[in-house]
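Below is one structure, written out as structure tokens; the observations come after it.
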Amino acid sequence: MNEERITLTEDDFRNALKEIGTYVDITEEDLKRLYELAVQIARERCAHSWLASEIMTRDVVTVREETDVYEAGRLLLRNKISGMPVLDDENHVIGMISTADLLSLAGIPRGHVFNDVVMKYILQKPTPQHRAGEKARDIMSTPVIAVSPETTAKEIATILDKKRIKRVPVVDEENRLVGIVSRADILRIICEEKGSRSGSGLNI
């Protein structure tokens, strides 16, 4: 995490003192410990305040509503992702298409692992349940759960958890796609915060 984002507050020091849990007769070691705890608390607080615009992936893999389902499946495989937004001709987000949507189309229940065994149903291998010629618009999930660029990482994490989804598109005021935030983006913030905590040195 960028240390420039961290601003220590009185509450951070107050909470740090609570974690120490004993009367503090300030020595150099006590002061260092207090400072370390306060920075840790402030860093965790700041991690939650990251905005979607700061953590989102901007180069988003998408499909148009007219995209053939076979091509959609290939895009997911090629880019090693499990879902992507569906856009209309003006880049409005009108749906989301995922591996689960494609597998359901092939007659495979949701919850199966998306691997080479089940991909044969997607890559034009005929099955009794397969309906040829489907478009992205026919199998995409709607309505779309989206967030604004100003939505915080904490709010996004709550949405992902409550809705049991893996990603949310980030849209502007006109519902045009500007990015996407996934569970991996949230995890990256956490890992950066943990890494900077364990590797930080104090010189006071």
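The values are calculated or read from the model by the stated rules, or taken from the named source; none is laboratory data. The shown structure was predicted, so the numbers you read here are calculated from the model rather than taken from an experiment. Neighbour counts are summed over all protein chains in view; Cβ atoms, including those assigned to glycine, are modelled from backbone coordinates with ideal geometry.
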Being out of contact with any Gly (no Cβ under 9 Å at 6 or more places or on another chain), within 19 Å of SER49 (Cα to Cα) and of a type outside the set (A, V, I, L, M, F, W, C) is the filter here, so list the residues in the stretch 134-161 that pass it. SER148, GLU150, THR151, THR152, LYS154, GLU155, THR158, ASP161
Residues that are among the charged types (D, E, K, R), at pLDDT below 95 and surrounded by fewer than 15 Cβ atoms within 10 Å (Cβ to Cβ): list the helices (runs of 4 or more DSSP H) wholly contained in the stretch 107-196 that include at least 2 such residues. 153-163
Of the residues that sit in the stretch 35-69 and are part of a loop (DSSP other than H, G, I, E, B) and at pLDDT below 90, which one is farthest from ALA16 (Cα to Cα)? TRP50
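Residue-wise test of (1) in contact with a helix residue (DSSP H, G or I) (Cβ under 6 Å, 6 or more places away or on another chain); (2) closer than 19 Å to GLY179 by Cα.
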| residue | (1), (2) |
| --- | --- |
| ILE55 | yes, yes |
| GLU65 | yes, yes |
| LEU75 | no, yes |
| ARG78 | no, no |
| MET84 | no, yes |
| SER104 | no, no |
Go through the stretch 70-97 and give me each residue that's assigned to a strand (DSSP E or B) and closer than 14 Å to LYS166 by Cβ. GLY83, MET84, PRO85, MET96, ILE97
